[in-house]
1. Return the Rg/Rh value of segment 149-213, two decimal places, where both radii are evaluated on C-alpha atoms and Rh is the Kirkwood radius.
2. Kindly give Rg over Rh for segment 27-102, based on alpha-carbon atoms, with the Kirkwood expression for the hydrodynamic radius.
3. Among [x] 0.98; [y] 1.06; [z] 1.14, only one was calculated for this model; which label is it, if the read-out is Rg/Rh (Cα atoms, Kirkwood Rh)?
4. Let me have the 222 nm mean residue ellipticity of the chain computed from DSSP H runs of 4+ only, each contributing -39500 (n - 2.57), with the sum over all residues rounded to the nearest 500.
5. Just the number please: accessible area per residue for segment 96-137, 1.4 Å probe, all protein chains included, in Å².
6. What's the carbon and sulfur percent of segment 13-101's accessible surface, probe 1.4 angstrom, rounded to a whole number?
7. Scanning the chain for GluC sites (Glu not before Pro) in DSSP loops with at most 13 other Cβ atoms within 10 Å, what's the longest stretch left with none?
8. Looking at segment 1-98, which chymotrypsin sites (Phe, Trp or Tyr not before Pro) are in a loop (DSSP not H, G, I, E or B) and have at most 16 other Cβ atoms within 10 Å?
Amino acid sequence: INIPQAILKLGKGTIKLGGEVKDYLGAQNFDGEIALDGLDLHEILPQQEQPSKMYGLAYGKFTVKGAGFTPESLATMTGEGSLDVKEGKLSNINILQIALSKISMIPGLVEKLESSLPERYKEKLKQKDTILNKVNLVTSIADNKILIQSADIDADGFLIDGKGEAGFDQTYRIDSSFTVPADFSASMVEVVEELKYILNDENMIYMPLKISGKGTNVQVLPDIG
């Protein structure tokens, strides 16, 4: 079976499929490409019971290979591709605030910053949501998991560079480097001098960070050691 192109509408977005199935009455070996164009994450992800909601438009391209279309055979599917999210947002969670609040060796850190930072930086700590300016994931599929080879996230107030894995059940884990842009870091150090000890060579506040969870139930755990 050859499928030059199939176009599926999913909410406001589109999924384009193309490829072929060899021996479709027997082994059902398939090889194809999938393109995502403007899928609305808030529409397509089940989030009704989640404390936080995810918003954004997903764009991506993936190649996939496998044999068979039963749930058991799809577990052996392999592939690779990339995913970009535009206009991203996590509601009811401020990852920057949570990460800084976990620096337990500086008591009251967030409170000190919120009271003394310039107004434009205070807002980044006080805002209710996490605004994601750019999200780019380079992935592969193997062993019934999505392997995140690189995650590049540019949020309002911090940057994340990491890698990890995600399951098809929406569970995920990312081990990352969390940094705060140099100008924002400099203002923080002026308020809390001890923060200078976690500046990297580019004068950005830096810490290893683990992000894990299921759906939008996010856990943020800095490596304080």
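The values are calculated or read from the model by the stated rules, or taken from the named source; none is laboratory data. Since the structure is predicted, the reported quantities are computational estimates derived from the model, not experimental observations. With ideal geometry, Cβ positions are generated from the backbone for all residues, glycine too; neighbour counts draw on all protein chains shown. The protein model used for the area step is the full one, side chains on, heavy atoms only, and it has no ligands, DNA or RNA in it. Shrake-Rupley method; radii C 1.70, N 1.55, O 1.52, S 1.80 Å.
1. Over the Cα atoms of segment 149-213, Rg/Rh equals 1.08.
2. Values: Rg = 17.0 Å, Rh = 15.1 Å.
That ratio equals 1.12.
3. Working out Rg/Rh (Cα atoms, Kirkwood Rh) from the coordinates points to [y].
4. Details: 6 runs with 41 residues, N = 225.
Mean residue ellipticity, 222 nm, calculated: -4500 deg cm²/dmol.
5. Per residue, segment 96-137 has an accessible area of 54 Å².
6. Heavy-atom surface of segment 13-101 belonging to carbon and sulfur, 1.4 Å probe: 55 percent.
7. Details: sites that count: Glu49, Glu202.
So the longest stretch without any such site is 50-201.
8. Tyr24, Phe69
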